[in-house]
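Throughout, read-outs are computed from the coordinates displayed, never taken from laboratory work. Keep in mind it's a predicted model, so treat the numbers as computed, not measured. Note that each Cβ is placed from the backbone with ideal geometry, even for glycine, and that neighbours are counted across all protein chains shown.
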Amino acid sequence: MSGTIPRNIDGWAGTVAGAFIGFETLANMGEEVKDPRRTLPRGILGAVGISIAPYLLVVTAVVLSDRNTANPLIGLFGGKGVSVFAVVGALAVGNGVLVQIVMLSRLFYGMATRGQLPAMLAWVHPRTGSPVPATVLAGAIILAVTLAVPFSRLLVVANAITLIVFTLVDLALWRLQRLGPPAAEGFHAPAWVPPVAALLSAVMLVSEILF
């Protein structure tokens, strides 16, 4: 690393500016998990915890690297940086797309079983146990949106929608906690978590829209 250590808060802002998304998709797989009351909370908290360390290491390395180059992240890999970064990026993007297809298909399946979407989306393959029509529809929607919307615009819209969902879910949990005591079993978030999380999500949403 040939860069100098930033001596102002702006130089280090990137190390804490990222938001972790994707862990919430685990909740959509609850029906396919053994003992979800115990394993899902552990899986969600574990996924966030495991992601924090490598994320901070990479971002800190970028901040401390030579910022005179056009792409400091690629520069971390040396002469073969472009090829390595391309492979890692392709794997990351592919994995993200697959996760979203799985999440969206389970969402369609759950809504179909409740009569909120056509019943055909609730059909499950007898051997694999996967909702095939819902998965095909989810993949088609993601493909169409990807081809129709520019990447930069899609990124902003996806971030905004995600933060809206986070805010609404936090507010819903806060209301449920205020309505009465929770069930005896399962994971219980502390009373202060929903309002604080809703506020943080709302602030990030406003920042995403305005800046």
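Values as computed for the structure displayed
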read-out	value
Förster radius 25 Å - calculated FRET efficiency between Leu91 and Met111, Cβ distance, rounded to 0.05	0.20
Projected label distance in nm at Arg153 and Leu176, using a 7 Å step from Cα toward the beta-carbon	3.6 nm
Peptides 160-169, 105-114 ordered by average Cβ neighbours within 10 Å, highest first	105-114, 160-169
Virtual spin-label span in nm between Val203 and Thr128, 7 Å along Cα→Cβ	4.4 nm
Extended-chain gain in nm, criterion 0.36 nm per residue less alpha-carbon gap, Val196 and Asn28	58.1 nm
Inter-site label distance for Leu56 and Val84 at 7 Å from Cα along Cβ, in nm	2.3 nm
Contact order relative to length of the range 150-211, as percent, for alpha carbon pairs under 8 angstrom and 6 or more apart	52 percent
Global form of the range 78-148, assessed from the alpha-carbon gyration tensor, a/c cut-off 1.5	prolate
